[in-house]
Amino acid sequence: MPDLLIELFSEEIPARMQARARQDLKKLVTDGLVEAGLTYASAGAFSTPRRLTLTVQGLSAESPTLREERKGPRTDAPEAALAGFLRSTGLSKDQLEIRDDKKAQVWFAIVEKPGRKAAAIVAEVLEKTIRTFPWPKSMRWGSGNLRWVRPLHSILCILGDEAGTEVVGLDIDGIKSGNTTAGHRFLAPGRFTVSSFDDYAAKLRASKVMLDAAERADHIWNHATQTAFAQGLEVVEDAGLLAEVSGLVEWPVPLMGQIADQFLHLPAEVLQTSMREHQKFFSVKNPKTGRIEKFLTVANTETADHGATILAGNGKVLAARLSDARFFWDNDLREAKAGMAKWAEGLRSVTFHNKLGSQADRIERIAALARDLAPVIGADEVLAERAARIAKLDLRSAMVGEFPELQGTMGRYYALESGEDPAVADAARDHYSPLGPSDDVPTAPVSVAVALADKLDTLAGFWAIDEKPTGSKDPFALRRAALGVIRLVLANDARLSLMAALRAGLRGNLDAIAGVNAALETPVVAVSNSPEATAADLLSFIHDRLKVFLRDKGIRHDIIDACLAMPGNDDLTLLVKRARALSAMLATEDGANLIQGFKRANNILTQAEAKDGVEYSYGAEEKFAEGPEELALFAALDAAEAKIAPAMQAEDFAAAMAAMAALRAPVDAFFTAVQVNSDNQIVRRNRLNLLSRIRGICGQVADLSRIEG
C-alpha cells in the first residue's frame, strides 16, 4: 500500500494560522480520500513558516469497484418514468433486467462503478482542497485566480511504495506538482528531490529546517532555560509566545541579550508586555530580585559571530520601545504622586454605556456597593470604598493606553506610589478577577468586596436596560460576570444575600438611567420590569450559571433544583453546601432508596388530597396505628425530626441528610406491610397524615419531588 506525501510551499504563513491550517489540511484531504473510496492507516500534518505538509501512511492503491442494483418503475409504467430512470442510471433499455416484484414486473438496473487509481483520486482531492482552503484571510497574486494565505510557490505530491515513487500530476494556475522542495531560506535555499516522508524529513533537517512545530518549541524552551540557568537566571514562562515564536522560524536559534540599565527600574510587567507584544522577546528575570534583566530572542538563522550582530540590532530596537515605556511610566508616576485627581476627572468624559452614564458615574455606584458589601465580606468599609474609587483610575494612564492588558496591574503600582493602603492597591489589581474559569480568585477582603461590587454593578446595569445575553451572543460578557460572582462567593465562603445586593445595584443603575434621561429632551431608556422583578430575573440568571458551574463539579442539575426550591436560595454558599450534602446522601444506597419511598408517599398523598379536596397535614396520631411497622415509622419520624430541625438550624446539612437517610428502612417496611387507603376512614386519614409527616420532615432539607428517577 503506498504512502502519500504532500507539501504546499509558499511565502511565510502567519504563525497564528498554522495550527488550524494543519488541522484543516489533514481533515480536508483525508475526508476527501475516504469519500472517494480509499482507506489509510494513519495521517500526520506539519507546518513551518513556509510550508504545510501532510503524510498519509498505508493508503489503498485504488478504490474498489462498486456494484449497485437499483429498482426502477414497473414494466407497464409510462415511457416518461422509464426514460427518467434510464437517465439517472446512465444505461440504455437493453441493459436493464425485468424481475418479478410482488404482483407486477419491474425494471432493474445493475450499475457498476469501476475503481480508480489512488493517484487520480489524490490529484482531484488535493486540487479541491487547495482551491477551497479555509484561510481566515487569503490573497491573490499575479494574474491568476488562485487564492492562498501568501503566494504559493510549489506543490510536492508523491505516492511511494516498495516499487518506487510516483509524482501525482497536478497543475493549479500554472503551479505544477513535483517531487522537489527547498530548504532554509538563508542557510540552504537550494531545491532537492525527495522520495518518501522519511527522506523528506531527513533532508529538510540537513537543510536547516525543523519540520515539527512541537520540536521547534521544545528546542527553543530547552535551550533558553539552559542558557538562563547557566547565568543564574530564569526565563519567564509564556506558552502563547512560545507557540507563536515556534511558528516564525524554521531553524530556531535562541539568543540572550542584555536590557540597558536605564530600563531596569521599570515594573516587570511593563518590560514583559512591551517585549512580548512589540518584539516577540521572552523575558529573563533574576530570581533573587524578581527584576527582568535580560531578554531572549529567537533568530531564524545561524551567523558567524554567533548572533552578536543580531543581538546588537535587536538591542537598539528594544531600547527605542522601552524608551517609550519609560516615558509613559515617568509621566504616570507624576500623576500618581499628585493623587490621580486628573485621571478621576478625565473619567467623567469617558462613557461606560450611553444608557448608564460615564465611567465616573459607574465608579460612584461601585464604591457605594463595595461599602455595603464590606461588612458581609469582612472588609473595612472605608478601605473598600476607597479601593473602588481608585481601582479604575489607571484607565486614564498613558501606560494602560499603550498596553490595555496592564489595566489593574498598573493601578496597583500607581496606588502604592500615591500612598494608598496596600490593601487598596491590591484591590486595584485584583478587582477584575476572576476573568476566566482558570483564573485565581481574590481572597483579600477588600479585593473581594470591590470585585463583587464591580461584577454585580455590571449585571444590574445591563439588566436594568434590558441588554441580556441571547443565545450565543453575550457582547458585554455578562455570563462571565455572573460566573465571577459565583466563584468569588464560593471561594471565600461569603454569606451574603444576593437579592439584597442586586436590589442595591439596581437602585444605583436606575438613578444613573434617570440622570441620562434628564439630560435628553426625549428619554430613550425604559426599564421593562419593576426593580423587584428585574432583581428576581437576574438572580435566576445567576442560578442558571451556578447550575453549569456545579455540573462541572459533578453535582446533578435536579439536585441543584431541589435545593433552589428552598428558602434562602440567594445565599450561594448555603445553597451549594446543601446541594453537596444532598448529592453525597443520594450517592448512598439508603439515600437513593429513600427517594423512592418519598416519591411513593408524595404521590399517594397528592392523589388523595386531589380526590378528597382536603389537605392532610393536621398530624397523625399514634393511637390509630396498627402493626409494628406503622408504630416503627412513628418512632423513626419522631427521631428524625428531633435531629433534623436542630441540624438545619445549625446549617449542618450532612447531619440532617444522615437523619433523613435513616428513614429509608422504616419507610420501606411501612409500604411493604401497610395499606394506606384502608377501608376504615379514620385509619386511612391517619395514615395519610403520617405520609404528610414524611413529606414535611424531608421537605425541611430539600424539595425531593424535584429529584429525577
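Can you spot a residue in region 74-89 that is among the hydrophobic types (A, V, I, L, M, F, W, C) and within 28 Å of residue 153 (Cβ to Cβ)?
Let us first name the residues in region 74-89 that are among the hydrophobic types (A, V, I, L, M, F, W, C), namely 77, 80-83, 85-86.
Subset that is within 28 Å of residue 153 (Cβ to Cβ): none.
Taking every residue of region 74-89 in turn, none turns out to be among the hydrophobic types (A, V, I, L, M, F, W, C) and within 28 Å of residue 153 (Cβ to Cβ).
Out of 596, 607, which single residue is at pLDDT 90 or above, out of contact with any His (no Cβ under 9 Å at 6 or more places or on another chain) and within 22 Å of residue 674 (Cα to Cα)?
607
Within region 78-90, residues that are free of Cβ contacts under 8 Å to residues at least 60 places away in the same chain sit with their Cβ atoms under 7 Å from residues that are assigned to a helix (DSSP H, G or I) and of a type in the set (Lys, Arg), at 6+ positions apart or across chains, in these pairs: 86/93.
Looking only at helices (runs of 4 or more DSSP H) that fall completely inside region 625-681, which ones have 2 or more residues that are without any contact (Cβ under 8 Å) to a residue 24 or more places away in the chain?
Details: elements: 628-649, 653-661, 664-673.
In region 625-681, the matching helices (runs of 4 or more DSSP H) lie at 628-649, 653-661.
Within region 76-96, does at least one residue satisfy the condition of being touching a Phe, Trp or Tyr at 6+ places or on another chain (Cβ under 6 Å), assigned to a strand (DSSP E or B) and either of a type in the set (Val, Ile, Thr) or outside the structural domain of residue 181 (by TED's automatic domain parsing) (or both)? No: region 76-96 contains no residue that is touching a Phe, Trp or Tyr at 6+ places or on another chain (Cβ under 6 Å), assigned to a strand (DSSP E or B) and either of a type in the set (Val, Ile, Thr) or outside the structural domain of residue 181 (by TED's automatic domain parsing) (or both). Answer with yes or no whether residue 644 is surrounded by 19 or more Cβ atoms within 10 Å (Cβ to Cβ), under 21 Å from residue 565 (Cβ atoms) and modelled with pLDDT under 90. So residue 644 fails the test.
Being within 40 Å of the chain's Cα centre (by Cα), in the same structural domain as residue 124 (by TED's automatic domain parsing), surrounded by fewer than 17 Cβ atoms within 10 Å (Cβ to Cβ) and among the charged types (D, E, K, R) is the requirement here; does residue 171 meet it? Answer is no for this residue.
Given the residues 209, 194, 167, which is the only one that is in contact with a helix residue (DSSP H, G or I) (Cβ under 8 Å, 6 or more places away or on another chain) and either of a type outside the set (Ser, Thr, Tyr) or closer than 23 Å to residue 43 by Cβ (or both)? Step through it out loud before you land on a result.
Details: 209 fails: in contact with a helix residue (DSSP H, G or I) (Cβ under 8 Å, 6 or more places away or on another chain); 167 fails: in contact with a helix residue (DSSP H, G or I) (Cβ under 8 Å, 6 or more places away or on another chain).
Only one candidate qualifies: 194.
Against the numbered list (1) in a helix (DSSP H, G or I); (2) in contact (Cβ under 8 Å) with a residue 12 or more places away in the chain; (3) more than 26 Å from the chain's Cα centre (by Cα); (4) not assigned by TED's automatic domain parsing to the domain that holds residue 485, residue 535 comes up short only at (4).
Give, as residue ranges, the helices (runs of 4 or more DSSP H) completely inside region 402-491 that count at least 2 residues that are within 22 Å of residue 531 (Cα to Cα) and either hydrophobic (A, V, I, L, M, F, W, C) or free of Cβ contacts under 8 Å to residues at least 24 places away in the same chain (or both).
Working: elements: 409-417, 422-430, 445-464, 478-491.
Fully inside region 402-491 and qualifying: 445-464, 478-491.
Checking each residue in region 593-624 for being without any contact (Cβ under 8 Å) to a residue 12 or more places away in the chain and either small (Gly, Ala, Ser) or more than 23 Å from residue 562 (Cα to Cα) (or both) picks out 610, 611, 612, 613, 614, 623. Within region 25-70, being among the hydroxyl-bearing types (Ser, Thr, Tyr) and either in contact with a Cys (Cβ under 7 Å, 6 or more places away or on another chain) or in a loop (DSSP other than H, G, I, E, B) (or both) holds for 39, 40, 60, 63, 65. Can we say residue 250 is more than 21 Å from residue 326 (Cα to Cα), outside the structural domain of residue 17 (by TED's automatic domain parsing) and in contact (Cβ under 8 Å) with a residue 60 or more places away in the chain? Yes, satisfied. Residues in region 278-330 that are in a helix (DSSP H, G or I) and under 12 Å from residue 259 (Cα atoms): 311, 312, 314, 315, 316, 317, 318, 319, 320, 321, 322, 323. Take the conditions (1) in contact with a Ser or Thr (Cβ under 7 Å, 6 or more places away or on another chain); (2) surrounded by fewer than 16 Cβ atoms within 10 Å (Cβ to Cβ); (3) assigned to a helix (DSSP H, G or I); residue 540 misses just one of them, which is (1).
The values are calculated or read from the model by the stated rules, or taken from the named source; none is laboratory data. Computed from a predicted model, the values in this text were never measured in an experiment. Cβ atoms come from the backbone with ideal geometry, glycine included; neighbour counts cover every protein chain shown.
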